Amino acid sequence: MNNTESDVVIIGGGIIGLFCAYYLMEEGKTVTVLDQGQIKDSCSYGNCGLVSPSHALPLNSPQLLLKALVWLFQKNSPFYIKPQMDMEFMGWMMGFAFNSFSGKQLEKSMKGRGSLLMDSRTLYDDIFKEHKWDCNWAPSGIHFVYSQEKSFNAYQSKDSKLAELGLAAEPIIGRELFNKEPSLTEHAYGSWFYKIDASLNPGKLLNELRGHLLSRGVQIRELCKVDTFEESNGRITEITTNHGNFKARDVVMATGAWTANLAKQLKLKIPVIPGKGYSITMKSPTVHPTCPIIFDENKVVVTPWKEGYRLGGTMEFSGYDTTYNEHRIQTLKNVANLYLKEPYTNEGVEEWYGWRPMTNNGLPIIDRSPVHNNLFVACGHNMLGLSMAPSTGKLITEMVIGKEKHLESDPYAFA
Ligand SMILES: Cc1cc2nc3c(=O)[nH]c(=O)nc-3n(C[C@H](O)[C@H](O)[C@H](O)COP(=O)(O)OP(=O)(O)OC[C@H]3O[C@@H](n4cnc5c(N)ncnc54)[C@H](O)[C@@H]3O)c2cc1C
């Protein structure tokens, strides 16, 4: 068994772990990243690629709870819960419902999410000025498209909330929308256009980041699963994996939807559950959207890139179920069929699913462990890990090296 030592070991090589590595390495730390899989196995690989401050409002709301109840009984709906008697899941759901009715919690979530999202959006601009990474960075805005006048108008109250954070959208209706986005069918009624939002190809970003980190001396060990920890005097002294033991002064746990299970080893309770989502990537149709579109009534996203095109979305609470649910894939195609003149192609198709790390208040946890002095946790980024990653990596780095934080981190503290 080899015994490797560095300043910081990061467990998890998804987008959160890699951005923690990026900023720690910039501060001169020696860093080792351990991942049980390979890049394409993380949730960060096949997501929709949106970098979207417009998503500052949490999912929690009484209206969504009602809608979710209806969706439960529809086979091709964007939402599914596998019947289960899991006490942790039930506790999580009760917390979600409670947070949906607490005005104070909703306000805290919106502000906390908004702050991480806007900071990350700025950091992405800085990063892409510094590095000429090939990952289809497109600061071109995002449409939230509605088919019904009633739901388009109902969205106005959400946009007004976002306006409080300086994130108001431009409403575009009818002919003006079709001129701006000729790929849409007449099924679309109107769009709320968020100019501040951007997009990229997440798999390509992971590859570029990985290459950059390796070239700067960061060790990345793939297929290296962390099993257990040695502890002494409130510190982690050794990490045991299927490829030997690792030592570090500090440890960062960035294990996404797997965090609750790993944290149990350390008697840490972390309320994160997997929320499965699907995407299909293919060769781009000839007539394709000019920027990403969210079909908000159906919770389906289409993201166009120069060399490809992705449909993604749906939320399935089925634990760590590894099967492909064909209904979910079909839902993505059905929705695209309604709104897009050329909804999909059959060339170069890649079907994918990932487990979003879901908390029940919409906020991630970015904090030092309450039990271990040298353990830092960065998880629970819900549907926004790509959008929040740079800011998270920077905050974790500031916590590890004891530097003044560039953002207020209280909203992301352990409860
Ligand atoms: C369909 C879909 C669409 C999405 N669209 C967007 C979007 O447009 N914009 C956006 O911002 N977000 C989006 N998301 C959410 C986003 O993908 C996640 O929030 C993000 O990927 C979480 O990143 P992470 O690094 O925390 O987790 P992950 O990317 O899952 O990385 C965690 C890593 O930890 C590793 N790991 C776990 N346990 C261990 C262990 N014991 N030992 C070693 N390694 C371990 C795993 O192998 C994994 O690689 C979407 C998600 C889905 C499913």
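Read-outs: derived from the displayed coordinates by stated rules, not from any lab. Model, not experiment: these values are computed from the prediction. FYI the Cβ positions are ideal-geometry reconstructions off the backbone, even for glycines, and counts take in every protein chain you see.
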| query | To the nearest 10 degrees, how steeply does helix 326-339 sit against the main Cα axis of the chain, on a 0 to 90 scale? | reply | 40
| query | How far apart, in nm, are two points set 7 Å out from the Cα along the Cα-to-Cβ line at ASN242 and at GLU170? | reply | 5.1
| task | With label points built 7 Å along Cα→Cβ from the Cα atoms of ASP321 and VAL287, find their separation and express it in nm. | result | 3.7
| field | Tail beyond 16 Å, pair distance distribution of region 1-65 (Cα, percent) | value | 62
| request: Give me the distance in nm between label points sitting 7 Å out from Cα along the Cα-to-Cβ direction at PHE414 and GLU351, one decimal. | output: 4.1
| request: With θ set to phi - 60°, apply the Karplus curve 6.51 cos²θ - 1.76 cosθ + 1.60 along region 10-16 and write out the HN-Hα couplings as whole Hz, x wherever there is a Gly or Pro. | output: 9, 9, x, x, x, 5, 6
| query | By how many degrees, 0 to 90 and rounded to 10, does the Cα axis of helix 62-71 deviate from the longest principal axis of the chain? | reply | 80
| Largest-first ellipsoid semi-axes for region 180-272, taking √(5λ) over the Cα gyration tensor eigenvalues, angstrom | 41, 20, 12
| Selection of chymotrypsin sites (Phe, Trp or Tyr not before Pro), region 313-399, meeting DSSP coil and at most 15 other Cβ within 10 Å | TYR324
| field | Greater than 27 Å apart at Cα, pairs in LYS306/LYS341; LYS204/LYS267; LYS40/LYS104; LYS264/LYS333 | value | LYS204/LYS267; LYS40/LYS104; LYS264/LYS333
| said: Give me the extension gain from GLU186 to THR122: residue separation times 0.36 nm, minus the current Cα-Cα distance, reported in nm with one decimal. | reply: 19.5 nm
| note | Expected unfolding gain across GLU404-GLN84 under the 0.36 nm per residue rule, minus the alpha-carbon gap, is 110.8 nm
| field | Mean shadow area of region 108-254 over all directions, Cα convex hull, nm² | value | 13.6
| query | Where in region 37-85 are there chymotrypsin sites (Phe, Trp or Tyr not before Pro) that are in a DSSP coil and have at most 10 other Cβ atoms within 10 angstrom of their Cβ? | reply | PHE73
| said: I want the local charge near LEU206. Using Cβ-Cβ distances under 13 Å, sum +1 for each Lys or Arg and -1 for each Asp or Glu among the other residues. | reply: -2
| query | How do the peptides 85-93, 233-241, 203-211 rank, highest first, by the average count of neighbouring beta carbon atoms within 10 Å per residue? | reply | 203-211, 233-241, 85-93
| Given just the C-alpha atoms of region 243-321, how large is their convex hull per residue in cubic angstrom? | 196
| request: Before anything else, pin down the relative contact order of the chain: Cα pairs under 8 Å, at least 6 apart, normalised by residue count, whole percent. | output: 27
| query | What is the extension gain from GLU27 to LEU64, computed as 0.36 nm multiplied by their sequence separation minus the C-alpha to C-alpha distance, in nm to one decimal? | reply | 9.1 nm
| Sites GLN330 and GLN219, calculated FRET efficiency, Cβ-Cβ separation with R0 35 Å, nearest 0.05 | 0.25
| Helix 87-101 sits at what angle to the longest principal axis of the chain, using alpha carbons and giving 0 to 90 degrees rounded to 10? | 60
